[in-house]
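Laboratory data are not the source of any read-out in this text; all were calculated from the coordinates shown. Quick caveat, the model's predicted, so the values are computed rather than measured. Don't worry about glycine lacking a Cβ; one is built from the backbone with ideal geometry, like all the others, and counts go over all protein chains shown.
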Amino acid sequence: MTNIVMLVKDRPRLTEQCLRTLYMHTPIDQFNLTVVDDGSWPETQRVVKGYHGYANIETVTIQHSVGVVGFLRNFGVGVAERKFGRGDWLYFSDNDVAFLPGWLERLTDRLTFGETLGLGVLGGYRHPFHGRIGGGTAGEEMAVLLEKEEGIVLTDAVAGYSHLMFWDTWDAYGPFDSHAKGVCKSEDFAFCRKVIEAGGYVGYIEPAVIANCGITNSENKRAVGAESFPRLPGLVYE
């Protein structure tokens, strides 16, 4: 069982797409979903409420936006654990992604394999600002093996909108740093750095199993690296 913690902030069309593709492409008995709504527009809140009939969803709406991603993710973990207990995996997502068929099975299968080799965090998509590990680093041989044989690319970090780990990893390196902000200084980057500094690995899988559809961020500013996001047919990008 996977506990998914999803942050929602405005963007109703992307939120609807995110939730629809999640439930369309994920067996309902394989995950629990905790939605943390950071003071979204009423239209976005109505989208989320449309899923309240499902037994595996818990929604917490914060009336006055906090805007601190690390704090919100940590808060969501606490809600998820109290509501659903602990499963095998903990996964973080935002509301501007779309889930592709087989995404969760592919991620959990690869992380289960990679854990035996020291893989601590696995993402389903590569953010353009996160670099590969190889050429002269201590992990070069491991990186070559994993990428060639398993489709796992080692990197310096994976983005918080696709971030899978075992609960033991959360216990060892969590919570997220609520004060970390900025490109390559965010809460997800800081978490990954702790894993790597302790001798572990962080990676993402290829081909990607989610689509990053947030060309702009929740403040309606162009997202960092948006020009390199691949566009898949049939999905909304905004």
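Rounded to the nearest 20 debye, what is the charge dipole size of the chain about its Cα centre when +1 sits on each Lys and Arg Cβ and -1 on each Asp and Glu Cβ?
620
Within region 12-47, find all residues whose amide N lies under 14 Å from a label point positioned 7 Å from the Cα of T216 along Cα-to-beta-carbon.
Of the residues in region 12-47, 12-14 have backbone N under 14 Å from the label point off T216.
Go ahead and run the numbers for FRET between V236 and W41, Cβ-Cβ distance against an R0 of 22 Å, rounding to 0.05.
0.85
Under a straight-distance cross-link criterion of Cα-Cα below 27 Å, which lysines are reachable from K194, leaving out those fewer than 8 residues away in the same chain?
Correct list for K194: K148, K181, K185.
Using Stokes-Einstein with the Kirkwood hydrodynamic radius over Cα pairs, what translational diffusion coefficient do you get for the chain at 10 °C and a viscosity of 1.306 mPa s, in µm²/s rounded to a whole number?
89
Towards the positive end of the charge dipole of the chain, with charges on Cβ (+1 Lys, Arg; -1 Asp, Glu), say which of G200, L107, N212 has the farthest Cα.
Of the options given, the answer is N212.
Give me the Debye-computed log₁₀ of I(q)/I(0) at q = 0.11, 0.16, 0.24 Å⁻¹ for region 40-134, equal point scatterers on Cα only, no solvent, two decimals.
-0.46, -0.96, -1.55
Starting from the 7 Å offset along Cα-to-Cβ, what nm value, one decimal, do you get for the label separation of V144 and I28?
4.9
Taking Cα atoms of region 121-236, Rg/Rh with Kirkwood Rh, to two decimals?
Computed over Cα atoms, the ratio is 0.97.
Between beta-carbons, use under 12 Å as the cut-off and find the net charge around A55, counting Lys and Arg +1, Asp and Glu -1.
So the surrounding residues net to -1.
Counting each pair of different Cα atoms once, what's the Kirkwood radius of region 183-238 in Å, rounded to one decimal?
13.6
Binning at 5 angstrom from zero up to the longest distance, how are the C-alpha pair distances of region 1-96 distributed in percent?
Answer for region 1-96: a P(r) of 3, 14, 28, 27, 20, 8, 1 percent.
Using the Cα centre of the chain as origin and beta-carbon charges of +1 (Lys, Arg) and -1 (Asp, Glu), tell me which of G131, G151, S93 is placed farthest towards the positive end of the dipole.
My answer, from the dipole projection, is S93.
Just subtract the alpha-carbon distance of R82 and L117 from 0.36 nm times their residue separation and send over the number in nm, one decimal.
Here the segment from R82 to L117 would lengthen by 9.5 nm.
Using R₀ = 41 Å, calculate the FRET efficiency as 1/(1 + (r/R₀)^6) where r is the Cβ-Cβ separation of R13 and H179; round to 0.05.
According to the calculation, E is roughly 0.85.
Between beta-carbons, use under 13 Å as the cut-off and find the net charge around D171, counting Lys and Arg +1, Asp and Glu -1.
0
What is the sum of charges around R13, taking Lys and Arg as +1, Asp and Glu as -1, for the other residues whose C-beta is under 15 Å from the C-beta of R13?
Residues near R13 contribute -2 overall.
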